[in-house]
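The values are calculated or read from the model by the stated rules, or taken from the named source; none is laboratory data. Everything numeric in this text was worked out from a predicted model, so none of it was measured. Counting neighbours? That spans all protein chains shown, and the Cβs are built from the backbone with ideal geometry, glycine included.
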Amino acid sequence: MKHFRIPLVSVIGGAECTPAEAALAEETGRLLAQNGYGVVCGGRGGVMAAVCKGVNQMGGVTVGLLPGDDGGEANDWVQIVIPTGLGEARNALVARAGVGVIAIGGGYGTLSEMALALKWGRRVTGLQTWDIEGVYRASDPADAVRFVLGEKK
């Protein structure tokens with residue numbers, strides 16, 4: 001039996017986002033895939049769709065943990081669709097599943113994921129997102145990827 005093992009980074013952000021946030025997310029996805037990492041996210045629109053699109057452009061792997069029971073809610077770039085049926089409680093799974101977390105924009109759902117990731121000792125970085133203690137403020141997607149992968153302290 002062949003095992004499929006690829007490290008994942010959690011990328012979080014709003015289901016709706018600005019064009020600038022979408023561009024940041026897409027570039028972040030491309031960079032993660034170039035570095036051999038897949039992405040786990042909430043699987044829907046906005047930042048989640050943009051990061052998955054970027055990962056796909058580089059041949060990487062995307063996992064979407066959906067809040068509902070309908071796998072059809074996933075964006076077009078999610079490859080592995082997991083309908084959790086957990087609603088917003090799935091935010092905990094998203095925050096926990098990656099080796100680190102990159103937050104881009106977002107609202108209270110994103111904030112909850114950031115807080116949980118910090119509580120669990122994950123490396124958390126952000127681009128145009130909440131400014132909270134313990135979160136590294138990245139200057140651009142490359143800086144965010146370097147930090148979350150442990151290449152920068």
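If L93 satisfies all but one of (1) over 14 Å from the mean Cα position of the chain (by Cα); (2) farther than 22 Å from P141 by Cβ, what's the number of the condition it fails?
(1)
Only one of these is in contact with a Cys (Cβ under 6 Å, 6 or more places away or on another chain) and either modelled with pLDDT of 95 or more or not basic (K, R) (or both): G105, G60, G87, G109. Name it. Break it down into steps so the answer makes sense when it comes.
Working: G60 fails: in contact with a Cys (Cβ under 6 Å, 6 or more places away or on another chain); G87 fails: in contact with a Cys (Cβ under 6 Å, 6 or more places away or on another chain); G109 fails: in contact with a Cys (Cβ under 6 Å, 6 or more places away or on another chain).
G105 is the lone residue from the list that is in contact with a Cys (Cβ under 6 Å, 6 or more places away or on another chain) and either modelled with pLDDT of 95 or more or not basic (K, R) (or both).
Residues checked against (1) in contact with a Leu (Cβ under 7 Å, 6 or more places away or on another chain); (2) of a type in the set (A, V, I, L, M):
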| position | (1), (2) |
| --- | --- |
| A97 | yes, yes |
| S112 | no, no |
| A115 | no, yes |
| L118 | no, yes |
| T125 | no, no |
| D131 | no, no |
| P141 | yes, no |
| A144 | yes, yes |
| V148 | no, yes |
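Can you tell me which of V81, V99 is farther than 16 Å from V124 by Cβ and surrounded by fewer than 22 Cβ atoms within 10 Å (Cβ to Cβ)?
Numbers: V99 fails: farther than 16 Å from V124 by Cβ.
Testing whether each residue is farther than 16 Å from V124 by Cβ and surrounded by fewer than 22 Cβ atoms within 10 Å (Cβ to Cβ) leaves just V81.
Sort out which residues of the range 19-61 are outside any loop (DSSP other than H, G, I, E, B) and either polar (S, T, N, Q) or free of Cβ contacts under 8 Å to residues at least 12 places away in the same chain (or both), and write them in order of number.
Taking the range 19-61 as the starting set, the residues that turn out to be outside any loop (DSSP other than H, G, I, E, B) are 19-34, 38-41, 47-57.
Matches in the range 19-61: P19, T28, Q34, N56, Q57.
Kindly establish whether L93 is surrounded by fewer than 21 Cβ atoms within 10 Å (Cβ to Cβ) and modelled with pLDDT of 95 or more. Outline the logic, then answer.
Working: surrounded by fewer than 21 Cβ atoms within 10 Å (Cβ to Cβ): yes; modelled with pLDDT of 95 or more: yes.
Taking the combined requirement at face value, the residue satisfies it.
Just one of the numbered conditions (1) in contact with a strand residue (DSSP E or B) (Cβ under 9 Å, 6 or more places away or on another chain); (2) under 24 Å from P67 (Cα atoms) is not true of A33; which one?
(2)
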